[in-house]
There are 2 protein chains.
Amino acid sequence: MKSREVHLVGRPPGTPTPDDFRVVEADIGDPGPGEVLVRNLFLSVDPYMRGRMRDRKSYVAPFGLGATMTGGAVGQVVESQVPGLFPGDHVLSNFGWREVFTCAGDEVTPLGELRAPASAYLGVLGMPGMTAYTGLFGAASLKDGETVFVSGAAGAVGSVAGQIAKIKGCRVVGTAGSAEKVRYLVDDLAFDHAFDYHEGQPRQHIREGAPEGVDVFFDNVGGELLQAGIGAMREFGRIALCGAISMYNDTEAAPGPTNLARAIGLGLNIRGFLVRHYRHMRKDFMRDVSGWLADGQLTYRETVYEGIESAPDAFIGLFTGANIGKMVVRLDDAG
Amino acid sequence: MKSREVHLVGRPPGTPTPDDFRVVEADIGDPGPGEVLVRNLFLSVDPYMRGRMRDRKSYVAPFGLGATMTGGAVGQVVESQVPGLFPGDHVLSNFGWREVFTCAGDEVTPLGELRAPASAYLGVLGMPGMTAYTGLFGAASLKDGETVFVSGAAGAVGSVAGQIAKIKGCRVVGTAGSAEKVRYLVDDLAFDHAFDYHEGQPRQHIREGAPEGVDVFFDNVGGELLQAGIGAMREFGRIALCGAISMYNDTEAAPGPTNLARAIGLGLNIRGFLVRHYRHMRKDFMRDVSGWLADGQLTYRETVYEGIESAPDAFIGLFTGANIGKMVVRLDDAG
């Protein structure tokens with residue numbers, strides 16, 4: 001069977017371009033004993049993948065040059081030689097940007113009966129959603145009714161983090177990169193205050209939205225917004241360092257926040273985290289978030305690019321602010 | 001009775017000079033009912049006082065211009081109209097750089113029978129010692145046998161922090177600002193590795209001393225050493241932000257660490273703290289540290305300046321590295 005997949009063919013020092021990727025056709029063999037053949041419905045593009053494009057040690061291994069961009073995908077079993085896995089079953093996998101693949105049965109995660117559209121398992125019910133949940137309750141020890149500031153608030157992680165905080169009775173301030181996103185935060189997600197970080201002084205905006213200061217700052221952006229957030233914290237505040245998307249394409253190290261010493265007098269706790277540091281919270285996450293989805297307390301949006309050949313553009317779009325909510329690539333057969 | 005006291009008379013933007021202080025004579029009245037008259041034996045000069053010289057809101061109120069420099073001091077009661085307080089009793093107070101003072105009985109803390117020389121209550125058994133103790137066990141959750149890096153390791157706080165970590169079976173690496181201090185750390189305090197931060201690359205020195213990486217970084221210095229320490233952390237490491245003495249005299253905000261995003265992948269926990277955030281640990285601190293002092297596991301050094309007129313020089317010396325261990329000012333009557 002024919003499949004198309006996207007290879008990494010360049011290691012850009014700065015912002016990636018389409019030339020750093022190549023769509024390649026591959027022949028996929030029939031599944032052997034203990035194997036399944038899967039056709040992907042949706043591919044995930046995520047900011048953390050940018051780090052894997054660099055050839056250096058990090059918390060995940062670098063992508064190989066000339067190899068397929070791996071990452072999350074959701075698909076359906078086409079053929080199975082695995083007991084208990086049947087054609088039509090939805091599965092989550094980590095083989096990335098490819099249409100069809102064969103693998104061992106234990107290399108996919110069956111999703112059972114879907115509680116939401118398949119693509120949600122790459123977003124609100126997947127890694128980004130669990131990142132939001134574990135960042136708030138694990139890294140930042142969020143308590144009901146606190147004041148929360150979220151950067152990158154209209155993205156896959158930030159939009160879930162802000163909504164969960166609202167569900168917990170918090171006052172929530174968010175920042176994003178366009179007027180449309182700011183409207184989304186306020187009108188659709190009921191943030192108490194939101195602002196476009198291109199306009200005016202972030203520090204001033206946060207003060208307007210959180211005049212008493214911020215208890216929990218969920219940072220997806222780093223750079224100037226990290227500095228502004230530190231400047232807005234109040235005593236014993238917690239900062240969950242989740243990402244630093246503003247810096248991922250930097251060709252040299254940008255200066256860090258000049259106001260880190262505020263942490264001393266205020267007793268701030270700044271904690272970096274990866275979702276995998278909180279694996280033990282998976283059950284709680286699935287129970288809570290699927291419950292909130294079911295009763296309508298939590299909603300989500302996606303930005304959908306069509307066809308595997310659009311995966312590089314979708315990915316690059318993460319860094320230009322092209323997405324509201326989770327960015328996914330729908331493959332032609334996803335219906 | 002005559003007393004001399006030191007007033008703050010200038011607010012230097014950068015490094016303080018003797019001209020920012022003035023020694024003034026004052027008349028001290030007899031103690032009224034409920035009051036004591038105290039003659040100080042030792043005055044404390046501490047880096048945190050630098051922040052109080054600036055006219056801005058912080059975690060402690062600024063010193064007034066033309067007012068006495070307040071801070072820790074240990075003295076003896078001369079006259080008492082307070083039940084239970086008798087002439088000769090040693091008391092800790094916070095009235096600062098003055099020889100003699102009268103105050104209400106509840107404004108001094110009686111020290112009871114001394115377990116160490118009086119000056120130790122300004123150092124190893126006082127605020128700096130408790131800062132070391134609470135930073136390790138409170139802010140950084142130190143566990144036995146971990147690898148610890150201490151900046152400002154020959155100072156009042158760092159020298160205690162490093163020794164406590166050694167008592168807890170840790171591997172301890174320290175940095176200080178002279179060859180003499182480095183010898184002190186290695187020869188007298190049994191640090192496993194120490195280096196002069198003026199020589200070579202701090203990051204490389206830490207790697208030599210802690211090839212497997214650092215679990216707990218106790219930072220008193222900030223700036224480049226904070227950056228180097230972050231670069232040396234290993235997964236789930238904790239950084240106790242205690243001070244940033246390298247930056248206290250900066251006239252403009254220095255760039256922060258460029259490598260803060262390492263905290264994300266490694267799950268680092270960076271926690272700022274003040275000793276007062278951990279008041280509940282006072283009993284444990286006094287029990288443990290006085291025990292270690294008594295059995296010789298923990299030692300201390302002091303740098304002693306003589307006479308109240310030397311207080312400004314002693315204070316300024318904190319920023320030029322003039323002290324090994326706690327810097328104190330001995331008053332003429334201290335014997």
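The single condition among (1) aromatic (Phe, Trp, Tyr); (2) within 14 Å of chain A (Cβ to nearest Cβ); (3) under 30 Å from B:Asp19 (Cα atoms) that B:Phe319 does not meet is (2).
Here B:Lys283 passes the criteria (1) within 14 Å of chain A (Cβ to nearest Cβ); (2) more than 14 Å from the chain's Cα centre (by Cα) except the one numbered (1). Among the residues of region B:129-138, the one identified as surrounded by fewer than 23 Cβ atoms within 10 Å (Cβ to Cβ) and aromatic (Phe, Trp, Tyr) is B:Phe137. Filtering region B:1-58 to residues that are among the hydrophobic types (A, V, I, L, M, F, W, C), part of a strand (DSSP E or B) and over 15 Å from B:Gly72 (Cβ atoms) leaves B:Leu8, B:Phe21, B:Val23, B:Val24, B:Ala26, B:Val36, B:Leu37. Scanning region B:244-266 for residues that are over 29 Å from A:His277 (Cα atoms) and more than 7 Å from chain A (Cβ to nearest Cβ) yields B:Ile245, B:Ser246, B:Tyr248, B:Asn249, B:Asp250, B:Thr251, B:Glu252.
Based on this model, can you work out whether B:Arg271 counts as in a strand (DSSP E or B) and under 23 Å from B:Val60 (Cβ atoms)?
Numbers: in a strand (DSSP E or B): yes; under 23 Å from B:Val60 (Cβ atoms): yes.
When the stated conditions are applied, B:Arg271 passes them.
The residues of region A:228-284 that are of a type in the set (S, T, N, Q) and modelled with pLDDT under 95, listed by number, are A:Ser246, A:Asn249, A:Thr251.
The residue that is farthest from B:Leu136 (Cα to Cα), among those in region B:291-308 that are of a type in the set (Ser, Thr, Tyr) and buried (at least 17 other Cβ atoms within 10 Å of the Cβ), is B:Tyr305. For A:Ser290, the conditions (1) within 13 Å of chain B (Cβ to nearest Cβ); (2) assigned to a helix (DSSP H, G or I); (3) under 20 Å from the mean Cα position of the chain (by Cα) are fulfilled apart from (1).
Looking at B:Ala322, is it touching a strand residue (DSSP E or B) at 6+ places or on another chain (Cβ under 9 Å), surrounded by fewer than 17 Cβ atoms within 10 Å (Cβ to Cβ) and free of Cβ contacts under 8 Å to residues at least 40 places away in the same chain?
Values: touching a strand residue (DSSP E or B) at 6+ places or on another chain (Cβ under 9 Å): yes; surrounded by fewer than 17 Cβ atoms within 10 Å (Cβ to Cβ): yes; free of Cβ contacts under 8 Å to residues at least 40 places away in the same chain: yes.
Taking the combined requirement at face value, the residue satisfies it.
Residues that are within 13 Å of chain A (Cβ to nearest Cβ), in contact with a Leu (Cβ under 9 Å, 6 or more places away or on another chain) and among the β-branched types (Val, Ile, Thr) within region B:197-243 comprise B:Ile230, B:Ile239, listed in sequence order.
Any residue that is part of a loop (DSSP other than H, G, I, E, B), without any contact (Cβ under 8 Å) to a residue 40 or more places away in the chain and under 22 Å from A:Thr303 (Cα atoms) - is there at least one of those in region A:66-79?
yes
Among the residues of region A:273-280, is any under 17 Å from A:Met233 (Cα atoms), within 7 Å of chain B (Cβ to nearest Cβ) and buried (at least 19 other Cβ atoms within 10 Å of the Cβ)? So far as region A:273-280 goes, no, none of its residues is under 17 Å from A:Met233 (Cα atoms), within 7 Å of chain B (Cβ to nearest Cβ) and buried (at least 19 other Cβ atoms within 10 Å of the Cβ).
Residue check: B:Met53 meets all listed conditions (1) more than 14 Å from chain A (Cβ to nearest Cβ); (2) surrounded by 18 or more Cβ atoms within 10 Å (Cβ to Cβ); (3) touching a residue at least 60 places away in the same chain (Cβ under 8 Å) but one, namely (3). Selection of first residues in region B:256-271 that are farther than 19 Å from A:Ala228 by Cβ and open to solvent by 10 Å² or more (accessible area, probe 1.4 Å) and of second residues that are modelled with pLDDT of 95 or more and among the β-branched types (Val, Ile, Thr), restricted to Cβ pairs under 9 Å at least 6 apart or on distinct chains, gives the following pairs, ordered by first then second residue: B:Asn259/B:Ile230; B:Arg262/B:Ile230; B:Asn269/A:Ile270; B:Asn269/B:Ile239; B:Arg271/A:Ile270; B:Arg271/B:Ile239.
Touching a Cys at 6+ places or on another chain (Cβ under 9 Å) and more than 20 Å from B:Ala322 (Cβ to Cβ): is that true of B:Thr109 in this structure? I'd like the intermediate steps shown before the answer.
Values: touching a Cys at 6+ places or on another chain (Cβ under 9 Å): no; more than 20 Å from B:Ala322 (Cβ to Cβ): yes.
Criteria not met by B:Thr109.
When B:Phe95, B:Phe101, B:Phe63 are checked against the criterion of being buried (at least 21 other Cβ atoms within 10 Å of the Cβ), aromatic (Phe, Trp, Tyr) and out of contact with any Leu (no Cβ under 9 Å at 6 or more places or on another chain), a single residue qualifies: B:Phe95.
A single member of A:Ser141, A:Ser80 is touching a Pro at 6+ places or on another chain (Cβ under 7 Å) and either under 18 Å from A:Phe273 (Cβ atoms) or open to solvent by 10 Å² or more (accessible area, probe 1.4 Å) (or both), and it is A:Ser80.
Are any of the residues in region A:157-166 farther than 30 Å from A:Phe95 by Cα and either open to solvent by 50 Å² or more (accessible area, probe 1.4 Å) or under 13 Å from the mean Cα position of the chain (by Cα) (or both)? Yes; the residues of region A:157-166 include at least one that is farther than 30 Å from A:Phe95 by Cα and either open to solvent by 50 Å² or more (accessible area, probe 1.4 Å) or under 13 Å from the mean Cα position of the chain (by Cα) (or both). Here B:Glu146 meets each of (1) among the charged types (D, E, K, R); (2) out of contact with any Leu (no Cβ under 9 Å at 6 or more places or on another chain); (3) at pLDDT below 95; (4) closer than 22 Å to B:Val289 by Cα with one exception, condition (3).
Would you tally the residues in region A:110-123 being in a loop (DSSP other than H, G, I, E, B) and surrounded by fewer than 23 Cβ atoms within 10 Å (Cβ to Cβ)? Lay out the reasoning, then the answer.
To start, the set of residues in region A:110-123 that are in a loop (DSSP other than H, G, I, E, B) comprises A:111-117, A:123.
Add one more test, that the residue is surrounded by fewer than 23 Cβ atoms within 10 Å (Cβ to Cβ), and what stays is A:111-117.
Of the residues in region A:110-123, 7 are in a loop (DSSP other than H, G, I, E, B) and surrounded by fewer than 23 Cβ atoms within 10 Å (Cβ to Cβ).
For B:Gly126, the conditions (1) modelled with pLDDT under 95; (2) open to solvent by less than 20 Å² (accessible area, probe 1.4 Å) are fulfilled apart from (1).
The values are calculated or read from the model by the stated rules, or taken from the named source; none is laboratory data. Note that the structure is a prediction, hence the values are computed from the model and not measured. Neighbour counts run over all protein chains shown; Cβ positions are idealised from the backbone, glycine included. Surface accessibility is based on the protein's heavy atoms, side chains included, excluding ligands, DNA and RNA. Shrake-Rupley method; radii C 1.70, N 1.55, O 1.52, S 1.80 Å.
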